[in-house]
Amino acid sequence: MLHKDTVDTTVLPPGERFGMWLDLVARTSAPLRIQSAHADDFAARADFIDLGAIQLVEYRYPSLDATRTRKLVSRSDPELYVLALTTGGVGTSSQDGRRSEILAGEFTFYDASRPHDVCHHATEPERDQATSIITLIPHAALPLPPQRMAALYGGRMSGSEGVGALLAQFLLQITGHPEQYHAADASRLGAVGLDLATTMLGRHLVAEDAVPTEVRRRALVTQVQAYVHRHLGDATLSPQTVADAHHISLRTLHRLFEAEEATVASYIRDLRLARCRRDLTDPALRTQPVQMIAARWGFADKAHFSRAFRAAYGMSPQAYRESHSDPARIVNRPASMVNSSRAD
């Protein structure tokens, strides 16, 4: 799984928790001056996941007011951009004269190399916590004109539509389920996250042309793949419907996938077959007809499904299901019948 480092203040008595948090912040590359109305019992947690090109930090705490002063900047300049997704509570972000209120499901963006103020409070501190996912991006890693970035400092961006929604889903998936990925996936996942962040920021700059062509291509491929996953069970899903949904021509869609391992059509087919194969070995679905499983994942034609499945896995769907049945269940079935007759 992805490596995760965790700092949890609740391992200490209430009176020592805020001090532990201050020590953590002081050791970071961009230290802040911190205050909290809950300093007497600061139950907080920080989970760090390093993805190579970027680093993710998931925060939980009751309330926090942070300031990065010019003095702190002069002591330590990490040359990092901070892209913060608020997932719970409400906050404010302020830098270079711009101040925004940030609600759950929204991003804010600022430069850790400049003074800034950030406040984040739980809506009901007695019942829940303020939560967020922070993406730390090195200045040198973000392929956008540095002189243009100030237009975004302290602003807010939606995490519920367009590329912002895709980036938010990506961050929530990675931080919520690091066990679903291998450590070797970290660099690739970091590249995907950076591409999505770059594309979102570029669009808010109204300067998408400033985003490198390859970054835009990879981000659009990620959007298309996410769309396919969401609509996999729709029998009408096809390269044409995918192209239409993204307002591009079919030819453009095919060119988009030229650098990928599979064409759009084969990507859809392979995903559908993988879902069917998984369901055919699921004991909970043992009584469901093969064709019902196939239809669930978009295979409307029984003969076409059987041919595609055999071509991919070397046997018919029914034979595959039988070959992966639970041996213990088959062996024990006669034993159950014998025991039943004895009991009579």
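The values are calculated or read from the model by the stated rules, or taken from the named source; none is laboratory data. Fair warning: this is a prediction, and the values are worked out from it, not measured in the lab. Note that we place each Cβ from the backbone using ideal geometry, even for glycine, and neighbour counts take in every protein chain shown. Accessible surface is based on the protein model in full, side chains and every heavy atom, while ligands, DNA and RNA are left aside. Shrake-Rupley method; radii C 1.70, N 1.55, O 1.52, S 1.80 Å.
Numbers at a glance
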read-out	value
Acute angle (nearest 10 degrees) that the helix 302-313 long axis makes with the longest principal axis of the chain, alpha-carbon atoms	70 degrees
Farthest toward positive dipole pole in the chain [+1 Lys/Arg, -1 Asp/Glu at C-beta], among T287, H120, S36	T287
Ellipsoid equivalent to region 1-138 - semi-axes via the Cα gyration tensor, in Å	21, 18, 16
Carbon and sulfur %, accessible surface of region 173-316 computed with the full protein complex present, 1.4 Å	53 percent
Stokes-Einstein D in µm²/s, Kirkwood radius over Cα pairs - the chain at 25 °C with 0.890 mPa s viscosity	105 µm²/s
Sparse-neighbour loop sites [trypsin sites (Lys or Arg not before Pro); region 244-325; at most 12 other C-beta within 10 Å; DSSP]	R286
Value at 222 nm in deg cm²/dmol, rounded to 500, when DSSP H runs of n ≥ 4 in the chain each add -39,500 (n - 2.57)	-13000 deg cm²/dmol
Nearest-ten-degree value, helix 14-27 long axis tilted from longest Cα axis of the chain	80 degrees
Spin-label pair H139/D5, simplified geometry with 7 Å Cα→Cβ offset, distance in nm	2.3 nm
Region 259-302: C-alpha gyration tensor shape, a/c 1.5 cut-off, then a/b vs b/c	oblate
Accessible surface of region 11-63, 1.4 Å probe, proportion on carbon and sulfur as whole %	52 percent
Once exposed loop GluC sites (Glu not before Pro) are cut out (DSSP; at most 16 other Cβ, 10 Å), longest piece of the chain	162-257
Solvent-accessible heavy-atom area per residue, rounded to whole Å², over the chain at 1.4 Å	52 Å²
Pair A245, A37: separation of 7 Å Cα→Cβ label points (nm)	4.4 nm
Within region 117-220, trypsin sites (Lys or Arg not before Pro) in DSSP loop having at most 13 other beta-carbon neighbours inside 10 Å	R127
Gain on full stretching of the segment that runs from D128 to A319 - 0.36 nm per residue minus C-alpha separation	63.7 nm
Dimensions in Å of region 164-224 - Rg and Dmax from alpha carbons	12.2, 37
